[in-house]
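Taking it in order: structure first as structure tokens, then the write-up.
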Amino acid sequence: MSLLFIQHAYTQITVNYSLINKKLTIYGNIVDAKGEPIAYANIVFINLKTEKTIGTISSEDDGRFSIELSSGEYILEVSVFRVLKVYKTIHFNIGY
């Protein structure tokens, strides 16, 4: 399922999720303004209530990423080469 699409002057971030066997997998793709993949972007999920980092991953060579999380509310932080940072609050309140 498609969850959100973030477009910034320099990047486009697509975030999706799947729920299989009660496991929530967040996956997506990061590309630049020309549609070229952005490798090694830093992706951080921060719990909105506790402000603690729940997971940190990097995008692959093709700009893709995936991580397993629990339902909840998170701040999604994406940084590219420590220059550009994009923040977005996302909600994963999925009942089992």
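Any read-out appearing in this document is the output of simple, stated calculations on the displayed coordinates, not a laboratory observation. All of these numbers come straight from a predicted model, not from anything done at the bench. Counting neighbours? That spans all protein chains shown, and the Cβs are built from the backbone with ideal geometry, glycine included.
The HN-Hα couplings worked out from phi for region 38-49 by the Karplus form 6.51 cos²θ - 1.76 cosθ + 1.60 (θ = phi - 60°) are 9, 7, 6, 5, 8, 10, 10, 10, 10, 5, 5, 7 Hz, whole numbers, x standing for Gly and Pro.
Using 0.36 nm per residue of separation minus the Cα-Cα distance, give me the extension gain between E36 and S66 in nm, one decimal.
9.0 nm
Modelled label positions at T25 and I57, each set 7 Å beyond Cα in the direction of Cβ, lie 0.9 nm from each other. Were the residues from N47 through E73 laid out at 0.36 nm apart, the gain over their Cα-Cα distance would be 8.7 nm.
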